[in-house]
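Visitor: One structure follows; several queries about it will come next.
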Amino acid sequence: MTPKSAMVFAAGFGTRMAPLTDRTPKPMLPVAGKPLINHSLDLLDGIENIVVNTHYLADHLENHLRDTPHVTCLRESPDILETGGGLKNALPLLGADPVIVLNSDAVFVGDSPIPALLSHWDPAKMDALLILVPIANTIEHKGAGDFVCNSAGQLSRRGKNPAAPYVYTGVQILKTDRLAAIKETAFSLNLLWDQMIAEGRAFGLVYDGKWVDVGRPAGITAAEKALADV
């Protein structure tokens, strides 16, 4: 039950990045001299089966990654499938074991979170292990926090509270067996998380570096400054 494959979500329209994304998919926007997608792929050193989903301006991303070792692009067509549907669609390429899942619109300032994620993964008690960051360690993030962790690391949502101490960074290990029971084609991974949280099988691991949300143009400048200051 040790993850051997990874999924990088890169199919979105990048609406919040407009006009930068009018002709360029968000994962191809340069940050500190390389496209955002490469910042994500660099975290996956040693993983030999990586699936990147594409949709919006897919040719740009697919051409860029064509000769990248261990990476397979999977185009979602005609419709985008969201996070849950995209992961379910990729299962024939990912296999049945738990999967490392990454978003492609964030930059970690510090060590890669993946080694710690793998070392803390315990499939006997976990169906999901999410990398979280304290709100104080986020840069250019506009939200009020996503999760609360108890002393054992089990997650609960912010719910109706005005804020929660931790933000989800877009990086996790996830068991995928529950996806077969979801009949929708396009859906969010929140459906899985809700089930896992209710059963006490969703956990969080706190990242001790800085994390930059690169969902808007200001995030590019902020990420470049944070990386230059390391």
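Visitor: Name the residue, out of S188, S151, that is in a loop (DSSP other than H, G, I, E, B) and under 27 Å from P25 (Cα atoms).
Guide: On the way: S151 fails: under 27 Å from P25 (Cα atoms).
The unique qualifying residue is S188.
Visitor: Can you work out which of the residues in region 25-50 that are among the polar types (S, T, N, Q) and touching a His at 6+ places or on another chain (Cβ under 9 Å) is farthest from V107 (Cα to Cα)?
Guide: Here the residue is N49.
Visitor: Consider K142 against the criteria (1) in a helix (DSSP H, G or I); (2) at pLDDT below 95: it satisfies all of them except one. Which criterion is unmet?
Guide: (1)
Visitor: May I ask you to say which residue of A186, A198, A152 is among the small types (G, A, S), touching a residue at least 60 places away in the same chain (Cβ under 8 Å) and closer than 23 Å to P98 by Cα?
Guide: A186
Visitor: Among the numbered criteria (1) surrounded by fewer than 20 Cβ atoms within 10 Å (Cβ to Cβ); (2) charged (D, E, K, R); (3) touching a helix residue (DSSP H, G or I) at 6+ places or on another chain (Cβ under 6 Å), which single criterion is violated by D213?
Guide: Answer for D213: the failing condition is (1).
Visitor: Name the residues in region 47-70 that are within 22 Å of D213 (Cα to Cα) and part of a helix (DSSP H, G or I), would you?
Guide: Listed by number, the list holds a single entry, L61.
Visitor: Examine region 15-26 for a residue that is in contact with a Ser or Thr (Cβ under 7 Å, 6 or more places away or on another chain), over 25 Å from D122 (Cα atoms) and not aromatic (F, W, Y), and state whether such a residue exists.
Guide: Checked against the condition, which is being in contact with a Ser or Thr (Cβ under 7 Å, 6 or more places away or on another chain), over 25 Å from D122 (Cα atoms) and not aromatic (F, W, Y), region 15-26 yields no hits at all.
Visitor: When the residues of region 1-46 are filtered to those that are without any contact (Cβ under 8 Å) to a residue 24 or more places away in the chain and in a helix (DSSP H, G or I), which remaining residue is farthest from the chain's Cα centre (by Cα)?
Guide: Ranking the candidates gives T15 first.
Visitor: Scanning region 194-230 for residues that are among the charged types (D, E, K, R) and assigned to a helix (DSSP H, G or I), which turns out nearest to G143 (Cα to Cα)?
Guide: D194
Visitor: Does K26 fit the bill of being in contact with an Asp or Glu (Cβ under 9 Å, 6 or more places away or on another chain) and farther than 21 Å from V101 by Cβ?
Guide: No.
Visitor: A further question on this structure: Of A106, A116, which residue is closer than 27 Å to A228 by Cα, under 17 Å from the mean Cα position of the chain (by Cα) and buried (at least 20 other Cβ atoms within 10 Å of the Cβ)?
Guide: It is A106.
The values are calculated or read from the model by the stated rules, or taken from the named source; none is laboratory data. What you see is a predicted model, and the numbers here were worked out from it, not measured in a lab. For neighbour counting, all protein chains shown are included, and Cβ atoms are generated from backbone atoms with ideal geometry for every residue, glycine included.
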